[in-house]
Amino acid sequence: MRVGLVGYGLGGSVFHAPFIEADPELELVAVVTTDPHRRALVRERHPHAEVVGSVDELLARADLDLVVVTTPNATHVPLALAVLRSSRHVVVDKPVAPGAAEARAVAAVAAEQQRVCFPFHNRRWDGDFRTVRDLVSQGRLGPLQRVEIRWERWRPDPAPAPEKAWKEDPDPGAAAGVHFDLGPHVIDQALLLLGRPTTVYAELGTRRAGARTVDDAFLALTFAGGAVAHLTMSLAVGGPMPRFHVVGRDATYVGVTALDPQEAALAAGRRPTEPSWGTVGDGEWGSLRAGDRVAVVPTLPGDYGAFYRGVARTVLADDSPPVTMREAITVLEVLDAARRSAAEGTVVRLDEGTLHS
């Protein structure tokens, strides 16, 4: 499959290009960026790929099968629609859209064009979350009762770099704020463990002086079976707590505060083809606890490359997508409900396609 990449900031250079390059079924043939420094980086790192100056120029090519959109959030929908209407498959960074209605419109066009829109929820393949899913599938926790997921950062200065100024844009259409940045990841993880929630309660705050968007968020989700999920995303926490605290009837998994090492490794110039990619040392392993019984649980290796392997299988072998639009739409329905809950101070009931207070 011949791939075009739109955007070569952190997302394009770290989370997409290295894994496209590493997959034998994929070939990076063109990158869209107008920034002179980034254009030079593309030519240095991907000499076989053409650097182009616009999406129109990219879509005019005859040799494209798939386009990856990794641009500011407000541009995701129009770019995804343009790609789909050019009869190409598309990967869209999270969030796919500012809201569920816009995402449904993208899904409808994908169906009309008989092409696939792949939401990029790569944190399904974080090592610690892979470990949690493995413990659940083995039945070592028993039925889940409470899932706590935290992604807490210390970013006291709210002023972003000029090219990331959109991250402080308070306009709802910008889909900015920590709930749109980190939220899709932790919500997606909770839904994979527990299914579709029945109610959503949210507290969305702006804690840092000078910040213009949400930088501290808490969501409480309830599920039909009685389980709950408590999700925290923040840029204002100087001392983060463990990322996962998963309570089952029979045992509790307690994770660690450290993030999956893949992002840092990629930013440092390492490549996912290296031996022992995504592994963490035993000092960063979580534990399984039941009273006095404590067992250290080795963290499975992180594997972001699984997303693009799944993309290739979907297109070339008619396999199921690694992430579906239905799943991404549900994440956005939760975010829609969270914004309403925070604005009205209510618990919002989440039914199929409809929100009720």
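The values are calculated or read from the model by the stated rules, or taken from the named source; none is laboratory data. All of these numbers come straight from a predicted model, not from anything done at the bench. Methodologically, a virtual Cβ is constructed for each residue, glycine included, from the backbone with ideal geometry; neighbour enumeration extends over all protein chains shown. Heavy atoms of the whole protein, side chains included, go into the accessibility calculation; ligands, DNA and RNA do not. Shrake-Rupley method; radii C 1.70, N 1.55, O 1.52, S 1.80 Å.
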*Residues located in the range 236-252, provided they are closer than 26 Å to Leu335 by Cβ and either β-branched (Val, Ile, Thr) or open to solvent by less than 30 Å² (accessible area, probe 1.4 Å) (or both)*: Val237, Arg243, Phe244, Val246, Val247
*Tally, over the range 16-38, of residues that are in contact (Cβ under 8 Å) with a residue 24 or more places away in the chain and either crowded, with 18+ Cβ neighbours inside 10 Å or in a helix (DSSP H, G or I) (or both)*: 16
*If a residue has to be of a type in the set (A, V, I, L, M, F, W, C) and either buried (at least 24 other Cβ atoms within 10 Å of the Cβ) or free of Cβ contacts under 8 Å to residues at least 12 places away in the same chain (or both) to count, how many in the range 69-96 make the cut?*
8
*From the list Ala211, Ala236, Ala220, pick out the single residue that is in contact with a His (Cβ under 8 Å, 6 or more places away or on another chain) and aliphatic (A, V, I, L, M).*
Ala220
_Looking only at residues that are modelled with pLDDT of 95 or more and open to solvent by 20 Å² or more (accessible area, probe 1.4 Å) in the range 225-235, which one is farthest from Val147 (Cα to Cα)?_
Leu235
*Of the conditions (1) within 25 Å of Gln113 (Cβ to Cβ); (2) open to solvent by 30 Å² or more (accessible area, probe 1.4 Å), Leu41 fails just one. Which one is it?*
(1)
_Exactly one condition in (1) surrounded by fewer than 19 Cβ atoms within 10 Å (Cβ to Cβ); (2) farther than 26 Å from Val214 by Cα; (3) touching a Leu at 6+ places or on another chain (Cβ under 7 Å); (4) not aliphatic (A, V, I, L, M) is false for Arg340; which is it?_
(2)
*asked:* Every residue in the range 277-288 that is of a type in the set (Ser, Thr, Tyr) and either within 21 Å of the chain's Cα centre (by Cα) or within 11 Å of Pro18 (Cβ to Cβ) (or both), please.
replied: Thr279
*Could you name every one of the strands (runs of 3 or more DSSP E) located completely within the range 52-137 that has at least 1 residues being aliphatic (A, V, I, L, M)?*
66-69, 89-93
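Out of all the residues in the range 140-158, which are open to solvent by less than 70 Å² (accessible area, probe 1.4 Å) and on the phi < 0 side of the Ramachandran plot? Quick ask: steps written out before the conclusion?
Step one: filter the range 140-158 for residues open to solvent by less than 70 Å² (accessible area, probe 1.4 Å), giving 141-142, 144, 147-153, 158.
Leu141, Leu144, Val147, Glu148, Ile149, Arg150, Trp151, Glu152, Arg153, Pro158, listed by residue number.
With the structure loaded, tell me whether Asp303 is surrounded by fewer than 18 Cβ atoms within 10 Å (Cβ to Cβ), under 29 Å from Ala80 (Cα atoms) and acidic (Asp, Glu) or whether it fails that test. Talk me through it step by step, then tell me what you get.
On the way: surrounded by fewer than 18 Cβ atoms within 10 Å (Cβ to Cβ): no; under 29 Å from Ala80 (Cα atoms): yes; acidic (Asp, Glu): yes.
Taking the combined requirement at face value, the residue does not satisfy it.
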*Only residues that are open to solvent by less than 20 Å² (accessible area, probe 1.4 Å), of a type in the set (Val, Ile, Thr) and either touching a Pro at 6+ places or on another chain (Cβ under 6 Å) or not in a helix (DSSP H, G or I) (or both): list them for the range 322-336, please.*
Val323, Val331
*Count, please, the residues in the range 1-15 that happen to be farther than 13 Å from Asp63 by Cα and either open to solvent by 60 Å² or more (accessible area, probe 1.4 Å) or assigned to a loop (DSSP other than H, G, I, E, B) (or both).*
4
*Inside the range 286-300, can you point out the residues that are among the basic types (Lys, Arg) and exposed (fewer than 11 other Cβ atoms within 10 Å of the Cβ)?*
Arg293
*Counting just the residues of the range 256-285 that are touching a residue at least 24 places away in the same chain (Cβ under 8 Å) and of a type in the set (D, E, K, R), which one comes out surrounded by the fewest Cβ atoms within 10 Å (Cβ to Cβ)?*
Arg271
